[in-house]
1. If you check residue 163 against the conditions, is it at pLDDT 85 or above and surrounded by 18 or more Cβ atoms within 10 Å (Cβ to Cβ)?
2. Filter region 103-118 down to residues that are over 25 Å from residue 93 (Cα atoms) and surrounded by fewer than 12 Cβ atoms within 10 Å (Cβ to Cβ), then give me how many there are.
3. If you check residue 202 against the conditions, is it within 25 Å of the chain's Cα centre (by Cα), within 16 Å of residue 35 (Cα to Cα) and in a helix (DSSP H, G or I)?
4. Among the numbered criteria (1) assigned to a helix (DSSP H, G or I); (2) in contact with a helix residue (DSSP H, G or I) (Cβ under 7 Å, 6 or more places away or on another chain); (3) loosely packed, with under 14 Cβ neighbours inside 10 Å, which one does residue 98 miss?
5. Within region 148-158, does at least one residue satisfy the condition of being within 27 Å of the chain's Cα centre (by Cα), in a helix (DSSP H, G or I), more than 19 Å from residue 28 (Cβ to Cβ) and modelled with pLDDT under 90?
6. Can you name the number of the only condition in (1) over 30 Å from residue 32 (Cα atoms); (2) part of a helix (DSSP H, G or I) that residue 80 fails?
7. Mind listing whichever residues of region 42-65 are touching a helix residue (DSSP H, G or I) at 6+ places or on another chain (Cβ under 7 Å), at pLDDT 80 or above and surrounded by fewer than 22 Cβ atoms within 10 Å (Cβ to Cβ)?
8. Given the criteria surrounded by fewer than 17 Cβ atoms within 10 Å (Cβ to Cβ), in a helix (DSSP H, G or I) and without any contact (Cβ under 8 Å) to a residue 60 or more places away in the chain, does residue 237 qualify?
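The values are calculated or read from the model by the stated rules, or taken from the named source; none is laboratory data. Just so it is clear, the structure is predicted and the values come from calculations on it, not from any experiment. Note: ideal-geometry Cβ built from the backbone for every residue, glycine included; neighbour counts use all protein chains shown.
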């Protein structure tokens, strides 16, 4: 059956459309989880260290929490940016080396490519046919060698957008454990409210992960709750060793 260009474009738009959440899910989950846990660590650590919280302590928790939130958020965003830039630079450096080898030693590269194809189930004749086709498009040939010889893929994510996604996720989710300290300053149960808010933030992050991946909702939410909850408990327990 023949398809028109319009039909193909419609199919690609409907079946293969990727939302921004899907594109940057790794950054959102990573940044969001770390923001929640890191901020709650400040709250839990301070509460564990100080059994009797006074009015000044509420303000201290809030100020330390916000300072930590934005400082760590910026640090994580910039770290992600540098990591992505380094990964892209390494990929292109290795690809240029691969292109040079293809240009200078095409016979050896053809033999290597044929061997890689045969390892993946192609017959010798089919592998030879594919190698001859690849040699007509050396850029694609180099990408094939990068993927299957060096096991490196081209990172397509924009390093600037990944940094912004990490920072926003860190700040947005990380602020949730501090919300009770904004609205319940003089309530002795504030830390309990903060713990509940932290759990809700982890659940929300897990639901977002599930919504994008369509994986098991129990697994999506449960894994984040377990990892985040364990980190929170460790932060509180460590804080009790410095009780004053």
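1. Details: at pLDDT 85 or above: yes; surrounded by 18 or more Cβ atoms within 10 Å (Cβ to Cβ): yes.
Spelling it out, residue 163 is indeed at pLDDT 85 or above and surrounded by 18 or more Cβ atoms within 10 Å (Cβ to Cβ).
2. Within region 103-118, the subset over 25 Å from residue 93 (Cα atoms) is 118.
With the extra rule that they be surrounded by fewer than 12 Cβ atoms within 10 Å (Cβ to Cβ), the set shrinks to none.
Residues meeting the conditions: 0.
3. Judged against the criteria, residue 202 is a match.
4. Failing condition for residue 98: (3).
5. First pass over region 148-158, keeping only residues within 27 Å of the chain's Cα centre (by Cα): 148-158.
Then keep just the ones that are in a helix (DSSP H, G or I); that gives 148.
From what is left, the residues that are more than 19 Å from residue 28 (Cβ to Cβ) are 148.
This time we only want the ones that are modelled with pLDDT under 90, so: 148.
Scanning region 148-158, I find at least one residue that is within 27 Å of the chain's Cα centre (by Cα), in a helix (DSSP H, G or I), more than 19 Å from residue 28 (Cβ to Cβ) and modelled with pLDDT under 90, so the answer is yes.
6. For residue 80, the failing item is (1).
7. Those that are touching a helix residue (DSSP H, G or I) at 6+ places or on another chain (Cβ under 7 Å), at pLDDT 80 or above and surrounded by fewer than 22 Cβ atoms within 10 Å (Cβ to Cβ): 62, 64.
8. Spelling it out, it is not the case that residue 237 is surrounded by fewer than 17 Cβ atoms within 10 Å (Cβ to Cβ), in a helix (DSSP H, G or I) and without any contact (Cβ under 8 Å) to a residue 60 or more places away in the chain.
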